[in-house]
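Let me begin by presenting the structure, written as structure tokens, before commenting on it.
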Amino acid sequence: MHIFSPQTISTHEYAKAVKYYDDAVRSDPSKTYMRFELAKLYYELGRMPHAQGEVEKLVGALDRLRASRG
């Protein structure tokens, strides 16, 4: 899987990057790094509700991890 570099993002290939990260986290929700990158992209694009939603999913994943460790 290709990870978008800062150069890709800076060349305004935002739609391509969002689709890539969104597809990645849909196929494997445990990819928290990808979800974090998606949240950052949404933030950079000013899509705050989407960014907030991704951050909330990250927090939920952290809470579940903490609960599983007891």
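The values are calculated or read from the model by the stated rules, or taken from the named source; none is laboratory data. Keep in mind that this is a model prediction, so the values were computed, not measured. Cβ placement follows ideal geometry from the backbone for every residue including glycine, while neighbour counts extend to all protein chains displayed.
Pairs linking a residue in segment 59-70 that is modelled with pLDDT of 90 or more to a residue that is assigned to a helix (DSSP H, G or I) and not charged (D, E, K, R), with Cβ atoms under 6 Å and 6 or more positions apart or on different chains, are Ala61/Thr32.
Specify the residue that is surrounded by the most Cβ atoms within 10 Å (Cβ to Cβ); the eligible residues are those in segment 11-50 that are closer than 22 Å to Leu65 by Cα and of a type in the set (Gly, Ala, Ser). Here the answer is Ala39.
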